[in-house]
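Written out below as structure tokens is the structure these notes cover.
The values are calculated or read from the model by the stated rules, or taken from the named source; none is laboratory data. Nothing here was measured: the structure is a model prediction, and the numbers come from that model. Counting neighbours? That spans all protein chains shown, and the Cβs are built from the backbone with ideal geometry, glycine included. Just the protein is used for accessible areas: all its heavy atoms, side chains included, with ligands, DNA and RNA removed. Shrake-Rupley method; radii C 1.70, N 1.55, O 1.52, S 1.80 Å.
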Amino acid sequence: MMDAGETIVCVIRHTVQTCLRGVTLAVTAVAALPWFVVSLFCLLLLPTGFGVVLAPKSLLAVRRQADRQRRWAREWSGVTIAAPYRSRSNRPANRLLRAFRRCGWVLGDPATWRDLLWIPINVPVSVILGVTPAAMLIAFCWTVGADYEAVFHGARDAPRGFLAQV
């Protein structure tokens with residue numbers, strides 16, 4: 001059985017870990033937004049031929065971001081989310097044919113389109129949910145500091161943040 005000191009240390013460690021994970025989640029979600037824009041631009045370049053080479057690279061970067069989120073879900077909360085991607089064909093081909101096959105493999109996979117649609121939804125949700133624990137910790141510390149000042153420096157009424165804490 002843990003004593004009070006160990007319990008407080010455990011709660012503080014868990015709180016700080018949660019805040020750091022949330023901020024990490026928010027930052028990586030915002031960092032994925034340029035990949036969304038680049039992927040759309042590369043898809044527009046498909047008719048010119050440049051998109052055949054560039055679109056798979058950008059869409060695979062979006063896929064890596066989604067895989068990172070799945071890995072964090074497994075590591076942080078024990079929730080396993082299977083990767084929904086189709087396997088890649090390993091048939092031998094020359095370089096040009098290989099580029100077209102790779103493009104067809106990435107564009108033909110429904111999971112690619114789900115990942116692409118996932119980014120604009122993930123950004124605001126991850127930012128809000130990711131920053132909330134840190135914002136609540138800052139608000140808590142601010143309120144406790146203001147209450148401490150009010151209680152120990154001569155205030156006769158209830159502390160300023162008392163109702164907010166209740």
Based on what the data block shows, is Ala55 touching a helix residue (DSSP H, G or I) at 6+ places or on another chain (Cβ under 6 Å) and open to solvent by less than 70 Å² (accessible area, probe 1.4 Å)?
-> yes
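This table checks each residue for (1) outside any helix (DSSP H, G or I); (2) closer than 22 Å to Gln17 by Cα; (3) over 14 Å from the mean Cα position of the chain (by Cα).
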residue: Leu60; (1), (2), (3): no, no, yes
residue: Arg70; (1), (2), (3): no, yes, no
residue: Ala73; (1), (2), (3): no, yes, no
residue: Ser89; (1), (2), (3): yes, no, yes
residue: Leu107; (1), (2), (3): no, no, yes
residue: Pro124; (1), (2), (3): no, yes, no
residue: Leu137; (1), (2), (3): no, yes, yes
residue: Val144; (1), (2), (3): no, yes, yes
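If only one of Val38, Val23, Val9 is open to solvent by 30 Å² or more (accessible area, probe 1.4 Å), among the aliphatic types (A, V, I, L, M) and either touching a His at 6+ places or on another chain (Cβ under 6 Å) or over 28 Å from Pro124 (Cα atoms) (or both), which one is it? Please lay out each step first, then the result.
Values: Val38 fails: either touching a His at 6+ places or on another chain (Cβ under 6 Å) or over 28 Å from Pro124 (Cα atoms) (or both); Val23 fails: either touching a His at 6+ places or on another chain (Cβ under 6 Å) or over 28 Å from Pro124 (Cα atoms) (or both).
Result: Val9 is the single residue among Val38, Val23, Val9 that is open to solvent by 30 Å² or more (accessible area, probe 1.4 Å), among the aliphatic types (A, V, I, L, M) and either touching a His at 6+ places or on another chain (Cβ under 6 Å) or over 28 Å from Pro124 (Cα atoms) (or both).
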The residue that is nearest to Gly49 (Cα to Cα), considering only those in the range 72-129 that are loosely packed, with under 13 Cβ neighbours inside 10 Å and hydroxyl-bearing (Ser, Thr, Tyr), is Ser89
All-but-one check, Arg64 against (1) open to solvent by less than 90 Å² (accessible area, probe 1.4 Å); (2) in a helix (DSSP H, G or I), failing number (1)
Fill in: Flag for Ala29 being open to solvent by less than 70 Å² (accessible area, probe 1.4 Å), of a type in the set (A, V, I, L, M) and out of contact with any Ser or Thr (no Cβ under 6 Å at 6 or more places or on another chain)
no
So, first residue touching a residue at least 12 places away in the same chain (Cβ under 8 Å) and within 13 Å of Leu116 (Cα to Cα) in the range 33-53, second residue open to solvent by 60 Å² or more (accessible area, probe 1.4 Å) and in a helix (DSSP H, G or I), Cβ within less than 6 Å, six or more apart or across chains; the pairs are Cys42/Leu54
